[in-house]
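Down below is the structure, laid out as structure tokens.
The values are calculated or read from the model by the stated rules, or taken from the named source; none is laboratory data. Source: prediction; values computed, not measured. Counting neighbours? That spans all protein chains shown, and the Cβs are built from the backbone with ideal geometry, glycine included. Accessible surface areas use protein heavy atoms only, side chains included; no ligands, DNA or RNA. Shrake-Rupley method; radii C 1.70, N 1.55, O 1.52, S 1.80 Å.
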Amino acid sequence: MRIELNAYSHRWFEFFHIGISEGRTAQETAFICRCAPLPCFRKVLDVCCGMGRHARALSKHGYSVIGLDREANAIAKARTLTGGPTYVNADVRDYVLDPGMFDVAIIMSQSFGYFDAITNREVLGRLADGVREGGRIILDLWSAEFFMIHQGRCEFKTPGGVVRETKYAEEGRLFVHLDYPDGGEDRFEWQLFTPALMISMAESVGLRQLLACTAFDETTPPSPTNPRVQFVFERCRD
């Protein structure tokens, strides 16, 4: 039986997803548009799309978007919101991609690296096969260097109460435990990628690096002071 890691509860969506500002979504979407501009990169696969905030924004810009997520409640909510994407409720490990069916695949909001190292490489390889030659894959990941420094406990004060977080890094993985005001909890873990490790994995599945940056700013290189790093890869031409 498959062990499911990183299942996002309704509490997580309530405390960390629903309140994301339009400004943040606009900044992240503008980055995607610059890295995969129209008309050459019209067909987009938004992996782990959640409630579809990037998918909707990209659709409004003129992209043709399929949003994919294994969380049925998130997909159900996405389908109730206005916008043009098509949504699929499926696990990325099971979703069938025809070779070259997309121009670009995106995985935003630290949603890559949920599995063991072998499976993570397999997922990236499936996405690489699913984009055309010259197509692109955009990843928004946690920064390994940042979390080697920033571990321990912290609190988030939200309108719904205080959420307590405990996080630690061990053997190349980040572990996070969230305690919610009502007594509920969530547990997550990710494989952490240094730029060198991520680039090496990408090259092993036929991708080449175009960009590594932070803050959704192509001119700012990854830094231990920023928790997120963005990568843009291109499917190598035969």
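How large is log10 I(q)/I(0) at q = 0.14, 0.24 Å⁻¹ when the Debye formula is applied to the Cα atoms of the stretch 86-138, each weighted equally and without solvent?
At q = 0.14, 0.24 Å⁻¹ the computed log10 ratios are -0.35, -1.05.
Quick check for you: with a 1.4 Å probe and neighbouring chains kept, what is the accessible area per residue of the stretch 1-159, in Å²?
48
Return the Cα extents of the stretch 1-151 along principal axes one, two and three, sorted largest first, each rounded to a whole Å.
Computed over the Cα atoms, the extents are 42, 34, 34 Å.
Mind checking which of Gly160, Gly206, Gly84 has the largest fluctuation in a GNM of the chain, springs on alpha carbons under 10 Å?
Taking springs between Cα atoms under 10 Å, the residue moving most is Gly160.
Taking the Cα centre as origin and putting +1 on Lys and Arg beta-carbons and -1 on Asp and Glu beta-carbons, what dipole magnitude results for the chain, to the nearest 20 debye?
That gives a dipole near 580 debye.
What distance in nm separates the simple spin-label points at Ile18 and Glu185, each placed 7 Å from Cα in the Cβ direction?
With each label point 7 Å from Cα toward Cβ, the separation is 2.4 nm.
Show the residues, 5+ positions off or on another chain, whose built amide H is closer than 5 Å to the amide H of Arg136.
Counting only residues 5 or more places away or on other chains, the set is Val104, Ala105, Arg235.
Once you've got the GNM for the chain with C-alpha springs shorter than 10 Å, pick whichever of Glu171, Glu28, Glu133 has the biggest mean-square fluctuation.
Judging by the Gaussian network model, the answer is Glu171.
Ordered by residue, what ³J(HN,Hα) values in Hz, to whole numbers, does the stretch 103-115 give under the Karplus form 6.51 cos²θ - 1.76 cosθ + 1.60, where θ = phi - 60° and Gly and Pro are x?
7, 8, 10, 10, 10, 9, 6, 6, 9, 10, x, 5, 10
Just how many % of Cα pairs in the stretch 135-198 lie over 15 Å apart, if you round to the nearest whole percent?
58
Below 8 Å, C-alpha to C-alpha, sequence gap of six or more: please give me the relative contact order for the chain in percent.
This gives 18 percent for the chain.
Rounded to the nearest Å, what's the spacing between the alpha carbon centres of the stretch 211-238 and the stretch 29-51? Just the number, please.
Going from one Cα centre to the other spans 15 Å.
Using Stokes-Einstein with the Kirkwood hydrodynamic radius over Cα pairs, what translational diffusion coefficient do you get for the stretch 79-217 at 10 °C and a viscosity of 1.306 mPa s, in µm²/s rounded to a whole number?
Rounded to a whole number, D works out at 93 µm²/s.
Would you mind computing the Rg to Rh ratio of the stretch 162-238 from its alpha-carbon coordinates, Kirkwood style for Rh?
A ratio of 1.10.
Starting from the Cα of Glu122, step 7 Å along the direction of its Cβ; do the same at Lys157; then give the gap between the two resulting points in nm.
If labels sit at Glu122 and Lys157, their model points lie 4.6 nm apart.
Mind checking which of Cys33, Cys49, Cys154 has the largest fluctuation in a GNM of the chain, springs on alpha carbons under 10 Å?
Comparing Cys33, Cys49, Cys154 in the GNM, the peak value goes to Cys154.
Where the accessible area of the chain is counted over protein heavy atoms with a 1.4 Å probe, how much of it, in %, is carbon and sulfur?
Taking all protein chains in place, the chain shows 53 percent carbon and sulfur surface.
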